[in-house]
1. Report, to the nearest whole %, how much of the accessible area of the chain belongs to carbon and sulfur atoms, 1.4 Å probe, protein only.
2. Using the heavy atoms of the protein chains and a 1.4 angstrom probe, tell me the accessible area per residue for the chain in square angstrom.
3. Which net charge results for the neighbourhood of residue 224, defined as the other residues with beta-carbon distances under 14 angstrom from its beta-carbon, given Lys and Arg at +1 and Asp and Glu at -1?
4. Residues of region 240-275 with the amide nitrogen closer than 19 Å to a label point 7 Å from the Cα of residue 136, along Cα-to-Cβ, please.
5. Work out the FRET efficiency for residue 96 and residue 264 from their Cβ-Cβ distance, taking R0 = 30 Å, and round it to the nearest 0.05.
6. Run the dipole for the chain about the Cα centre, Lys and Arg Cβ at +1, Asp and Glu Cβ at -1, nothing else charged, and hand back the magnitude in debye, nearest 20.
7. Kirkwood hydrodynamic radius of the chain from all distinct Cα pairs, in Å?
8. Amide H of residue 207: which non-local residues (sequence gap of 5 or more, or other chain) have their own amide H closer than 5 Å, using H built in the peptide plane?
Amino acid sequence: MALNNIIVVSDTHCGCRLGLCPPEVSLDGGGKYYASPLQLRLFEMWQYFWGQWVPEVTHGEPFAVVVNGDSMDGVHHNSVTQISHNLTDQQRIAVEVLRPVYEYARGQLYMVRGTEAHVGKSGQNEEALAEQLGAIPDEAGNYARWDLWAEVGPGLVHITHHIGTTGRTHYESSAVMAELGEAYAEAGRWGRRAPDVVVRSHRHRHIKIEVPTRAGSGISVVTPGWQLQTPFVWRMPGGRSSLPQIGGIIIYNEGGRLKEDHKVWDIDRSGTVQI
């Protein structure tokens, strides 16, 4: 059955003390981890996103879900922000977070591989997670794929995780526009159909570029994430003053044209002290 809606979420970084996590999780060996107050707030946003926002924007119609990479945090860059360095624990957390999403999508769940530093070489840890969740496999039988080409109504969408990053706000749109231009150039070079929408993630910041085309509009969009600021982000020029962007997007068919909508929250900045 052709669907008119795709929900895309990404960068949950389950297993990180700054990532998406249920209120309480069981760890290998019988221990427990209890989410921090900010993680509890993230999880409330996650529940609102699926329980209220998605039903509203889909108007009760069926939809597919794409988890666009970095669903687990992994053991990376000598960091110590993980709940556990045992990847079994991280996968258990990710399953608890994402299993309901499979049910919401009525089995129409697709998973895209993210950054190897987070999900293992060749995305092997995300592959194991995707198989456990029952994600729809690609033509090679992989449950987590590197990219996804999807027809939504009459339009074509290309989804993959990576995109260039920048620490400067005034360059934030550059790589986003480049993704669309490169998609058009490559399609023209080989005589293939160009995507109407390209979706990327990785940055944890939402931005959309829309350009006029014969079909209406071409859209290039980057999804927000579900992780708070990590020590790595605090080192970046833009990260020092920006706030985390939390949420997801929908690509939908309206009257034969593809459009994008989104739900994005920010997190309050740290409190002010009186000197």
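1. Its accessible area is 50 percent carbon and sulfur atoms.
2. Working: 13350 Å² over 275 residues.
Accessible area per residue, the chain: 49 Å².
3. Working: positive: 200, 203, 205, 208, 263; negative: 11, 70, 172, 260, 261, 266.
Net of charged neighbours comes to -1.
4. Within reach of a label on residue 136: 249-254, 258-259.
5. Numbers: r = 24 Å, r/R0 = 0.80.
Computed FRET efficiency for residue 96 and residue 264 comes out at 0.80.
6. Working: 24 positive and 30 negative charges, 127 e Å.
Rounded to the nearest 20 debye, it is 600 debye.
7. Values: mean 1/r = 0.0523 Å⁻¹.
Mean inverse Cα-Cα distance, inverted, gives 19.1 Å.
8. Counting only residues 5 or more places away or on other chains, the set is 222.
The values are calculated or read from the model by the stated rules, or taken from the named source; none is laboratory data. Keep in mind that what you see is a predicted model, and the values were worked out from it rather than measured. Quick reminder, even Gly has a Cβ in these numbers, built from the backbone with ideal geometry, and neighbours come from all protein chains shown. To get the accessible areas, we keep the full protein, side chains included, count just its heavy atoms, and leave off ligands, DNA and RNA. Shrake-Rupley method; radii C 1.70, N 1.55, O 1.52, S 1.80 Å.
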